[in-house]
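The values are calculated or read from the model by the stated rules, or taken from the named source; none is laboratory data. Model, not experiment: these values are computed from the prediction. Because the Cβ atoms are built from the backbone with ideal geometry, glycine has one as well, and the counts that use them run over all protein chains shown.
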Number of protein chains: 2
Amino acid sequence: MSGWAELNPSPRTIMTPGPVEVDPRVLRAMSYPILGQFDPEFTSLMNDTMAMLRSLFRTDNRWAYPIDGTSRSGIEAVLVSLIEPGDKVLVPIFGRFGYLLQEIAERCGAEVTVLEKPWGSVFDPEEVIAAVRREKPDLVAIVHGETSTGRMQPLADIGRACRELDALLVVDAVATIGGVPVEADAWCLDAVIGGTQKCLSVPSGMAPITYNERAERKVLKRKRVERGLATPGAAPGSGGGSVRSNYFDLGQLQDYWSPLRLNHHTEMTSMLYALREGLRIALAEGLEARFDRHRRQEAALVAGLRAMGLALYGDESCKLPVVTCVDIPEGVDGESVRSLLLDSFGIEIASSFGPLKGKIWRIGTMGYSCSRKNVLHVLGALEAALIRHGVKVDAGAALQAALDVYAEN
Amino acid sequence: MSGWAELNPSPRTIMTPGPVEVDPRVLRAMSYPILGQFDPEFTSLMNDTMAMLRSLFRTDNRWAYPIDGTSRSGIEAVLVSLIEPGDKVLVPIFGRFGYLLQEIAERCGAEVTVLEKPWGSVFDPEEVIAAVRREKPDLVAIVHGETSTGRMQPLADIGRACRELDALLVVDAVATIGGVPVEADAWCLDAVIGGTQKCLSVPSGMAPITYNERAERKVLKRKRVERGLATPGAAPGSGGGSVRSNYFDLGQLQDYWSPLRLNHHTEMTSMLYALREGLRIALAEGLEARFDRHRRQEAALVAGLRAMGLALYGDESCKLPVVTCVDIPEGVDGESVRSLLLDSFGIEIASSFGPLKGKIWRIGTMGYSCSRKNVLHVLGALEAALIRHGVKVDAGAALQAALDVYAEN
């Protein structure tokens, strides 16, 4: 006996901007026995997943499949495959995850220009478009929903301009996919990366991506077949110009996801089951109905927080519907409130990063966690925690305000 | 309704060199509700996992944790973090996965020298040691268990020599970890990458790694804090000399796995549950007992195949215990036999790659799939499939030979 305790996680109400609670049907899917990666039954599930991802991303792109890693693995796969060392890349930044795009692009060898907005706001699309005209980047990388600040960047105008000016537009939609409209084709997005552990309510572990033919052309230009797979006579290709990563080489990955099924990694069977089930559930609910549910819960949460006397952080006109950022009241230790919520109520809300550390709480209303029950629980518990920390609140008002919103809808 | 069919995978007996059947207790672990990544209960499970990985790798290294991706993500993380562009890397190759090490090292910007052995054999350690003396590489990367050919490379002498000659030794133990002894400390291995979906019987999705202080020194030399996490005043570090990947930067990853818990990716909750449970089960069985079980099942399988009149592929003296390669008899369509096994018996065995495509079958005896029941099923079914394909076999002999082996033990 090795003496390690059996797994026995406590039940949690997870109201962070991800990871959030997983739909029980998705949990069940992961408990099914696995199939081999080249078993026709399994490749058929892979094909289902691609088709469902096309619906999710609202695209007719041929390529829509998951990268086998957490969300940022999808970002890195797209950037390392589309950026050649020396390429000019423009990154408009309005929060932490913009810096991540900058960092990854720099590591890919890009010559990166950044535009920065104060945290809490987003760009006027014309500012970004003017920079694209000025800098003539090969690629523009931008965040759609910035969870660090709870802001959402409008993309349609930027997309049209990038298309016209022949820059590839790569969008980090990790936080928005499945909870807020993301229109890959209508907004002219050349590549989009989604996340699983947020509005899709699938555990972290895969990063769904899609890219169009404009992006694929760049991928194909740099493609080579893996050494050790090339049959005798066929050259495996030289190292020159090839993508700096094997794991994230979209050229090899698309051969694996195509009918060629050219061996690359060993697909994550149980995570693929989970993603397929999460997508099936999202499409069965209907994307419009799902977006509407997210808006409704946000409205109730916001009404409750305001009734409690709390101030929301950031520019309201560009609020990300699925994340609500709250100013921590003067003199209150934000971490102490979070600990009380977790330890006594089993509720998790988030802190923030960098300049916002200790300044705001972030409350997610995402996917399976985005429910009336959870919104009411978090409001009731937060009120009690604030009173416990000496904050004067109009006791009882938060829940009444939220219930009023539900009564209207 | 989206109309997608419910998930309903057929039951399979998976006798490939991975992925193999998952222990039902591991499947159950994945069905548990998730915890947030910074929930103290979850970070405690992360710490358990690190401790168990140290036992698995037989090491006192501080660093032993999973990379969030499939097995090759672990290889890439180690190589991209330890190789600086221009570094000299030696890769002794005796099968497909040696070429993968070469390919990844080249993509990391290394100046790569390869040694090649005909497939089906391994290196005399003195050949590798002579090359290390001659080439003076910064790093040597080698496969322990080569599943493409079913061979296993002895490593202890090579390890001692690399330590003496001051080259870092990186070992791909994806196929052997948990099924065959892998002694990170005793063999002087500086970094080791294991796999989950083989002898550990956890689904593909994580790549456990360990590395020692020699390797960590190189990691720390190149370390920088991620942009967007640096607090005001602290410099995020320049791009120069930094690791070419953010996702695979061990310097950032070890801060995430340390008490610092510096945010990087969102840990794969359910996969972490699965890995922890798989490790708990392996350590509860006892590593020695587990290795012994793998040897016993191999002996029965080999006896059965020989009694059936089949010839084993490759040099017997360096056979990988957990993969048995069989010559496909003259005139037999190997893929047709595999299809009959899958479609009628629900049994999956593997074909091979490159020069061995169509020449051999590969039968795995790994982890939960490595059981008496499964060995007997595959022998009985293969015999029937061969008879169906016109091969003359001594009907009934295979199962008797295997039962004889079990009777002796």
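Residues that are surrounded by fewer than 19 Cβ atoms within 10 Å (Cβ to Cβ) and touching a residue at least 40 places away in the same chain (Cβ under 8 Å) within the stretch A:304-315 comprise A:ARG306, A:GLY309, A:ASP315, listed in sequence order. Flag not set for A:ASP60, criterion: closer than 27 Å to B:LEU342 by Cα, surrounded by fewer than 24 Cβ atoms within 10 Å (Cβ to Cβ) and either of a type outside the set (Gly, Ala, Ser) or under 16 Å from the mean Cα position of the chain (by Cα) (or both). Just one of (1) hydrophobic (A, V, I, L, M, F, W, C); (2) closer than 21 Å to B:VAL182 by Cα; (3) within 7 Å of chain A (Cβ to nearest Cβ) fails for B:MET50. It is (3).
Among the conditions (1) surrounded by fewer than 20 Cβ atoms within 10 Å (Cβ to Cβ); (2) at pLDDT below 95; (3) among the small types (Gly, Ala, Ser), B:GLY396 misses just one, which is (2). Which of the residues belonging to the stretch A:154-179 are under 28 Å from A:TYR368 (Cβ atoms) and not in a strand (DSSP E or B)? Passing the criteria: A:PRO154, A:LEU155, A:VAL174, A:ALA175, A:THR176, A:ILE177, A:GLY178, A:GLY179.
Yes or no, residue by residue, for (1) within 18 Å of B:ILE193 (Cα to Cα); (2) surrounded by fewer than 18 Cβ atoms within 10 Å (Cβ to Cβ); (3) at pLDDT 95 or above; (4) among the small types (Gly, Ala, Ser):
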site: B:LEU100; (1), (2), (3), (4): yes, no, yes, no
site: B:ALA110; (1), (2), (3), (4): no, no, yes, yes
site: B:PRO118; (1), (2), (3), (4): no, yes, yes, no
site: B:ASP124; (1), (2), (3), (4): no, yes, yes, no
site: B:VAL128; (1), (2), (3), (4): no, no, yes, no
site: B:ARG133; (1), (2), (3), (4): no, yes, yes, no
site: B:PRO137; (1), (2), (3), (4): no, no, yes, no
site: B:VAL143; (1), (2), (3), (4): yes, no, yes, no
site: B:SER148; (1), (2), (3), (4): yes, no, yes, yes
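Have a look at B:ARG54, B:ARG12, B:ARG62, B:ARG28 and point out the one that is of a type outside the set (Val, Ile, Thr), modelled with pLDDT of 95 or more and not assigned by TED's automatic domain parsing to the domain that holds B:TYR273. Residue meeting the stated conditions: B:ARG12. Determine if the stretch B:122-140 includes at least one residue that is touching a residue at least 60 places away in the same chain (Cβ under 8 Å), among the small types (Gly, Ala, Ser) and farther than 30 Å from A:CYS108 by Cβ. Scanning the stretch B:122-140 turns up no residue that is touching a residue at least 60 places away in the same chain (Cβ under 8 Å), among the small types (Gly, Ala, Ser) and farther than 30 Å from A:CYS108 by Cβ.
The number of residues in the stretch B:82-98 being within 15 Å of B:ARG244 (Cβ to Cβ) and crowded, with 24+ Cβ neighbours inside 10 Å comes to 3.
When the stretch A:5-37 is filtered for residues that are farther than 30 Å from A:GLU335 by Cα and part of a loop (DSSP other than H, G, I, E, B), the ones remaining, listed by number, are A:SER31, A:TYR32, A:PRO33, A:ILE34, A:LEU35, A:GLY36, A:GLN37.
For the stretch B:57-150, which helices (runs of 4 or more DSSP H) that fit wholly inside it have 1 or more residues that are more than 14 Å from every other protein chain (Cβ to nearest Cβ) and out of contact with any helix residue (DSSP H, G or I) (no Cβ under 8 Å at 6 or more places or on another chain)?
On the way: elements: B:71-82, B:96-107, B:125-135.
Result: B:125-135.
Residue by residue, here is whether (1) without any contact (Cβ under 8 Å) to a residue 60 or more places away in the chain; (2) among the charged types (D, E, K, R); (3) under 21 Å from B:LEU399 (Cβ atoms) holds:
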| position | (1), (2), (3) |
| --- | --- |
| B:GLN297 | no, no, yes |
| B:ALA300 | no, no, yes |
| B:SER317 | yes, no, no |
| B:PRO329 | no, no, yes |
| B:GLY334 | yes, no, no |
| B:VAL337 | yes, no, yes |
| B:ASP343 | yes, yes, no |
| B:SER352 | no, no, no |
| B:SER369 | no, no, yes |
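Annotation: of all residues in the stretch A:240-277 being part of a loop (DSSP other than H, G, I, E, B) and among the aromatic types (Phe, Trp, Tyr), the one that is farthest from the chain's Cα centre (by Cα) is A:TYR247. The lone criterion from (1) within 13 Å of chain A (Cβ to nearest Cβ); (2) modelled with pLDDT of 95 or more; (3) more than 14 Å from B:TYR65 (Cα to Cα) left unmet by B:GLN297 is number (1). Of the candidates B:VAL114, B:VAL128, B:VAL122, B:VAL78, the single residue that is hydrophobic (A, V, I, L, M, F, W, C) and under 14 Å from B:ALA167 (Cα atoms) is B:VAL128. Applying the set (1) at the interface with another protein chain (Cβ under 7 Å from one of its Cβ atoms); (2) in contact (Cβ under 8 Å) with a residue 40 or more places away in the chain; (3) in a helix (DSSP H, G or I); (4) farther than 30 Å from B:GLU298 by Cβ to B:LEU45 leaves exactly one unmet item: (1). Residues in the stretch B:8-47 that are polar (S, T, N, Q), crowded, with 21+ Cβ neighbours inside 10 Å, over 21 Å from B:VAL378 (Cα atoms) and touching a Lys or Arg at 6+ places or on another chain (Cβ under 8 Å): there are none. Every condition in (1) more than 14 Å from chain A (Cβ to nearest Cβ); (2) touching a Ser or Thr at 6+ places or on another chain (Cβ under 6 Å); (3) not hydrophobic (A, V, I, L, M, F, W, C) is met by B:GLY195 except one, and the failing one is (1).
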